[in-house]
Amino acid sequence: MNPLNHVAIIMDGNGRWGLKKHNSRNKGHRAGIDTVEKIIKISLEQKIKYLTLFAFSTENWKRPKTEINYLFSLLENFLEKKLIKFDKNNIKLKIIGKKNFSYKLNNLLIKSEKKTLKNSKLQVNLALNYGSKKEIVNTIKKLNKKKIKVTEQNITKNLYTKNIPDPDILIRTGNTNRLSNFLLWQVSYTEIFFLKKLWPDFEKKDFIKILNKYKKIKRNFGEI
Ligand code: FPP
């Protein structure tokens, strides 16, 4: 059976779910938060060490301002309400992406990372204002500036995900089979699962089914 350390998720389909059920994309995002909580809980139960969630991409800035503001208010609310619970459950929170949000949100993110820094049961990486191509380019620029040789190893060691093993599993909900500039470097040998279900409908049984399927895959990393 394959060991399982890291699950990454593209939580797609909130907007469509909200429009279909309540004629409001934002209601879909609100429902998406409940799924986030559920999946964190199951990750703890399943002894997963790293869970990386794509919450806001560098391309998502193109959305209407009202939707962007709503997403950030949800995130603020979520962190303000859940930080103590996270800490109690030995969860470490890490932001991957450039923190250039409001003064209030930036501070809240920094505070959440600091408060949970020493926790070790589960690390939840929130990808916020994250874009994989930018991450790679910035890393190469950084290496050049420091006169460090550009090698695979040195790039890996200088990405936002330094010290985090590559994802074993990548899940994308929402019936779209693409990677959308998410962890392009890190998913070279990741097992990818595309699901038709929209993120608010993603359930424990869907998650467990994927984990079980993954465990039986023959992963050969280019060998035979
Ligand atoms: C994709 O659905 C979802 C997002 C861009 C945002 C995901 C954010 C959350 C679940 C809430 C905030 C996160 C946390 C961790 C507190 P979409 O809007 O692209 O859906 P669509 O494809 O149906 O339009």
**OP:** Kindly list the number of the only condition in (1) within 16 Å of Ile171 (Cα to Cα); (2) away from the ligand (no atom under 13 Å from the Cβ) that fails for Ala55.
**Re:** (2)
Subject >> Matching residues, the range 85-118, being among the small types (Gly, Ala, Ser) and more than 14 Å from Tyr130 (Cα to Cα) >> reply: Ser102, Ser112
Subject >> Residue pairs meeting the criteria (Cβ under 6 Å; at least 6 apart or on separate chains; first within 15 Å of Phe202 (Cβ to Cβ) and near the ligand (Cβ under 9 Å from one of its atoms), in the range 19-40; second assigned to a helix (DSSP H, G or I) and aromatic (Phe, Trp, Tyr)) >> reply: Gly28/Trp17; Gly32/Trp199; Ile33/Phe78; Thr35/Trp199
Subject >> Within the range 204-221, considering residues that are more than 14 Å from Pro3 (Cα to Cα) and without any contact (Cβ under 8 Å) to a residue 12 or more places away in the chain, the one surrounded by the fewest Cβ atoms within 10 Å (Cβ to Cβ) >> reply: Lys205
**OP:** Identify the single condition in (1) within 13 Å of the ligand (Cβ to nearest atom); (2) under 17 Å from Val187 (Cβ atoms) that Tyr50 does not satisfy, given that it satisfies every other one.
**Re:** (1)
Original post:
For Ile84, are the conditions met, namely being among the β-branched types (Val, Ile, Thr) and within 16 Å of the ligand (Cβ to nearest atom)?
Top reply: yes
Original post:
Can you find even one residue in the range 123-139 that is assigned to a helix (DSSP H, G or I), among the polar types (S, T, N, Q) and within 16 Å of the ligand (Cβ to nearest atom)?
Top reply: yes
Subject >> Search result, residues across the range 1-18 that are of a type outside the set (D, E, K, R), in a loop (DSSP other than H, G, I, E, B) and either near the ligand (Cβ under 7 Å from one of its atoms) or free of Cβ contacts under 8 Å to residues at least 60 places away in the same chain (or both) >> reply: Met11, Gly13
Original post:
Restricting the search to the range 154-185, which residues are surrounded by fewer than 21 Cβ atoms within 10 Å (Cβ to Cβ) and in contact with a Gly (Cβ under 6 Å, 6 or more places away or on another chain)?
Top reply: Asn181
Subject >> Residues (more than 15 Å from the chain's Cα centre (by Cα) and in a helix (DSSP H, G or I)) located in the range 49-64 >> reply: Trp61, Lys62
Original post:
List the pairs whose first member sits in the range 148-172 and is farther than 29 Å from Leu195 by Cβ, whose second member is of a type in the set (A, V, I, L, M) and assigned to a loop (DSSP other than H, G, I, E, B), and whose Cβ atoms are under 7 Å apart, counting only residues at least 6 apart or on separate chains?
Top reply: Asn154/Ile148
Original post:
Is it the case that Lys98 is more than 21 Å from Glu80 (Cβ to Cβ) and either among the acidic types (Asp, Glu) or surrounded by 11 or more Cβ atoms within 10 Å (Cβ to Cβ) (or both)?
Top reply: yes
Original post:
Among the listed residues Glu59, Glu76, Glu45, which satisfies the condition of being under 24 Å from Asn212 (Cα atoms), surrounded by fewer than 17 Cβ atoms within 10 Å (Cβ to Cβ) and either modelled with pLDDT under 95 or acidic (Asp, Glu) (or both)?
Top reply: Glu45
Original post:
When residues of the range 118-135 are filtered for being in contact with a Leu (Cβ under 9 Å, 6 or more places away or on another chain) and surrounded by fewer than 15 Cβ atoms within 10 Å (Cβ to Cβ), how many remain?
Top reply: 2
Subject >> Residues (under 24 Å from Tyr214 (Cα atoms) and out of contact with any helix residue (DSSP H, G or I) (no Cβ under 7 Å at 6 or more places or on another chain)) located in the range 10-37 >> reply: Ile10, Val36, Glu37
Subject >> Residue identified as hydroxyl-bearing (Ser, Thr, Tyr), more than 26 Å from Asn119 (Cα to Cα) and free of Cβ contacts under 8 Å to residues at least 60 places away in the same chain among Tyr70, Tyr103 >> reply: Tyr70
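The values are calculated or read from the model by the stated rules, or taken from the named source; none is laboratory data. Worth saying up front: this structure is predicted, and the values here are computed from it rather than measured. Every residue, glycine as well, gets a Cβ built from its backbone with ideal geometry; the counts of neighbours run over all protein chains shown.
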